[in-house]
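Inspection log for the structure reproduced underneath, given as structure tokens.
What follows is calculated from the coordinates using simple rules that are stated; it is not laboratory data. Bear in mind the structure is a predicted one, so any value in this text is a computation, not a measurement. Note that each Cβ is placed from the backbone with ideal geometry, even for glycine, and that neighbours are counted across all protein chains shown.
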Amino acid sequence: MIVSTQQLFKHAYGKYAIGAYNINNLEQTMGLFQGCIDSKAPFIIQLSKGARQYTNKKMLEAMTRAADEIFPDAVFAVHLDHGDEETCMDCIKSGFYSSVMIDASAESFEQNIAITKRVVDAAHARGISVEAELGKLGGVEEHVSVSEADAKLTDPLQAEEFVKKSGCDSLACAIGTSHGAFKFTGSQGLHFDVLENIQKRLPGFPLVMHGSSSVPQDEVERINAAGGQLGGAKGVNADEFKRAAQLGVTKINIDTDGRLVWCRVHREAFKTDPKNFDLRPPGKVFMKEYAKFIAAKNEKLGSAGQLEAVRKLVSK
Ligand code: G3H
Ligand code: 13P
Ligand code: ZN
């Protein structure tokens, strides 16, 4: 059942975070739904601009609708991840999305407000909610990367003004994470002090944490043992998710860790069976492993076991 993102946030706020997972293909889609059913968790399925271009945006919509039929017990919202203004408007018009993210964080503060407000006006007219971003993440991925030197944590004072002026429904804050598999060097970690200050100024307002993959070291070791070269990969400690949730983080974005599962499964499959050329055997393993990975993440987020309570709330 596709529900509104705000309904999910209302239930989760201050208690747990909803996992927001990116999908690109059918194997990820099947594994995501299975993992959320297995762990009895509501979730957000995220479609990025890059994913919409990878095959065709219609393919992503069709896969999501099909999964909704295959897993009738699933409760989830559909979200555009890291949209520009044009993509946001396209998603708003499509009528398929529960929420969109306008990422104008690379613009000036004033421009970010102006762009976000235009998207908010269009989205709210159709009952769709909007996530905006303030601050800069130090990133390494294409499309969303900003140089490490330019990385800037969200200013709590600015956050309050930004939310008031733009009318956005949730805010992605820069609290020390970055996208991709190489987030931290040395003993860097999450800036809970920044989160605490933002929550004080915006009590009850849903915050979003991007770049939340953990980059498990055992996963990296298995990938490297099967021919990968991921030296220095490091991520967020998943045991910190619940503390972040108590400070107002209601949506936690995870993509890279899923890509690592894909990479490990396929590298190991072709290493152990070099004569195989069939896509289905590793695909089958991946769907199972992906479901296991999603269920384990939902435990860390605290969303596991919340499905029935959320269903009751949305069915009222
Ligand atoms: O934060 C970005 C997500 O990981 C999506 O990545 O733009 O390569 O689809 P993508
Ligand atoms: P990761 O690269 O840490 O998985 O972050 C994903 C993300 O923020 C998607 O918007
Ligand atoms: Zn992101």
Overall dimensions of region 202-316 as given by Cα atoms, namely Rg and Dmax in Å: 17.4, 58
Rounded to 5, percent antiparallel among DSSP beta bridges of the chain: 5
On Cα atoms only, tilt of 256-272 relative to the major axis of the chain in degrees: 10
Full-stretch length increase - Asn276, Glu221 - with 0.36 nm per residue and alpha-carbon distance subtracted: 17.5 nm
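Can you run the Rg to Rh ratio on region 150-222? Use alpha carbon positions and the Kirkwood inverse-distance Rh. If you can, show how the numbers build up before the last one.
Working: Rg = 14.4 Å, Rh = 13.7 Å.
For region 150-222, the value is 1.05.
When only C-alpha pairs under 8 Å and at least 6 residues apart count, what is the relative contact order of the chain, in percent? Provide the component values of the computation, followed by the final result.
On the way: 627 pairs, mean separation 77.8, N = 316.
Relative contact order comes out at 25 percent.
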Label-to-label distance, nm, for residues given as Glu86 and Asn25 (7 Å Cα→Cβ offset): 2.8
Rounded to whole Hz, the Karplus (6.51, -1.76, 1.60) HN-Hα couplings of region 202-214, x for glycine and proline: 10, x, x, 8, x, 10, 10, 10, 8, x, 9, 5, 8
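How large is the convex hull of the Cα atoms of region 1-126 per residue, expressed in Å³ as a whole number? Working shown, then result.
Details: hull volume 13.7 nm³, N = 126.
That works out to 109 Å³ per residue.
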Isotropic mean projected area of the C-alpha convex hull, region 216-255 (nm²): 3.4
For region 26-75, alpha-carbon Rg over 2.2 N^0.38 Å: 1.13
Descending principal axes extents, the chain, alpha-carbon based, whole Å: 60, 46, 34
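Starting from the alpha-carbon convex hull of region 57-143, give the projected area averaged over all orientations, in nm².
On the way: hull surface 26.6 nm².
Result: a mean projected hull area of 6.6 nm².
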Helical contribution to [θ] at 222 nm, DSSP H n ≥ 4, -39,500 (n - 2.57), averaged over the chain, rounded to 500: -14500 deg cm²/dmol
Sequence-distant residues sharing a close amide H with Ser48 (under 5 Å, placed H): Ile23, Asp81
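Cα-Cα over 26 Å: which of Lys165/Lys200; Lys271/Lys292; Lys10/Lys288; Lys234/Lys300; Lys49/Lys297? The partial results should precede the final answer.
On the way: Lys165/Lys200 18 Å; Lys271/Lys292 22 Å; Lys10/Lys288 31 Å; Lys234/Lys300 18 Å; Lys49/Lys297 24 Å.
Correct reply: Lys10/Lys288.
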